[in-house]
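Trainee: Below you'll find the structure I mean.
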Amino acid sequence: MAQQLETLQRGMQAVELHISGLTYRQIADKLGFSSGASGVQKAIDRALRAIPAPAVEQMRAIDGERLEGIIDAHWPMRHKSESAKILIQALERHARLFGLDAPVKAEITGQNGGPIETRDASIAYETILERLARLADAATVPVIDAAPDGGNAIAELGPAPPVTEYPKSNPQ
């Protein structure tokens, strides 16, 4: 419990430092995160999940303003390669931050784009029943019985009796 509280407090410190303008790398160095920037990002994510929604919205607004500042600064130089890269990254992050991207549609297919292969469950069910019947025919059944001296004795009875009927339909 104490360790969870310390972890949350450290995450909140990371959030505050991030709001003040420090990068994840700078926060990692300042707070001693051994896992570096990725550890800081995870700590901030955990801390934000523990914060009431209005505070998260505040953080989102602050990050949105920062991104808009980056976009405004690089927009006049968008024809230059480095500024274009920065703009693309900032616009992608802005879209993720505010949920502007359309949902991704995915179609699941089988091998080489074909249909997904399935097996008839009733065939598999019949195969399982046949295997169980063979196992039952070959099995011996141990029986535990009270021995005359008060202990337990195990006796082998031999093959199990054959099962004569198996259901023929797939159970629902």
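We did not get these values from a lab; they are worked out from the coordinates using the rules stated. None of the values given here were measured: they were computed from a predicted structure. All Cβ positions, even for glycine, are placed from backbone atoms using ideal geometry, and neighbour counts span all protein chains on display.
Trainee: Enumerate by residue number the trypsin sites (Lys or Arg not before Pro) in the stretch 57-112 meeting two conditions: DSSP loop (anything except H, G, I, E, B), and at most 15 other Cβ atoms within 10 Å of the site's Cβ.
Mentor: 78, 80, 105
Trainee: Could you list log10 I(q)/I(0) for the stretch 61-102 at q = 0.24 Å⁻¹, which the Debye formula gives when each Cα is one point scatterer?
Mentor: Log-scaled intensity ratios, in q order: -0.75.
Trainee: Estimate the FRET efficiency between residue 75 and residue 101 by the formula 1/(1 + (r/R0)^6), using the beta-carbon distance for r and 25 Å for R0, to the nearest 0.05.
Mentor: Details: r = 20 Å, r/R0 = 0.82.
Given R0 = 25 Å and the Cβ-Cβ separation, E is 0.75.
Trainee: Follow-up question, since we're still on this one. Please give the Cα centre distance for the stretch 1-27 versus the stretch 69-106, rounded to the nearest Å.
Mentor: Centre-to-centre distance over Cα atoms comes out at 27 Å.
Trainee: Can you find, among 58, 104, 70, the residue sitting farthest towards the positive end of the charge dipole of the stretch 56-129, where Lys and Arg contribute +1 and Asp and Glu -1 at Cβ?
Mentor: Highest projection toward the positive end goes to 70.
Trainee: Report the full-extension gain for the segment residue 58 to residue 83: residue separation times 0.36 nm, less the Cα-Cα distance, to one decimal in nm.
Mentor: Numbers: separation 25, 0.36 × 25 = 9.00 nm, distance 2.77 nm.
The span from residue 58 to residue 83 would gain 6.2 nm if fully extended.
Trainee: Separate question: Would you mind calculating the gained length between residue 112 and residue 37 on full extension (0.36 nm times residue separation, minus the Cα-Cα distance), in nm to one decimal?
Mentor: 23.0 nm
Trainee: Hand me the GluC sites (Glu not before Pro) from the stretch 38-112 located in a DSSP loop with no more than 13 other Cβ atoms within 10 Å, in residue order please.
Mentor: On the way: sites: 57, 65, 68, 82, 92, 107; in loops: 107.
Here the sparse-neighbourhood loop sites are 107.
Trainee: Still on this structure: What is the extension gain from residue 2 to residue 16, computed as 0.36 nm multiplied by their sequence separation minus the C-alpha to C-alpha distance, in nm to one decimal?
Mentor: On the way: separation 14, 0.36 × 14 = 5.04 nm, distance 2.10 nm.
Taking 0.36 nm per residue and subtracting the Cα distance, the gain is 2.9 nm.
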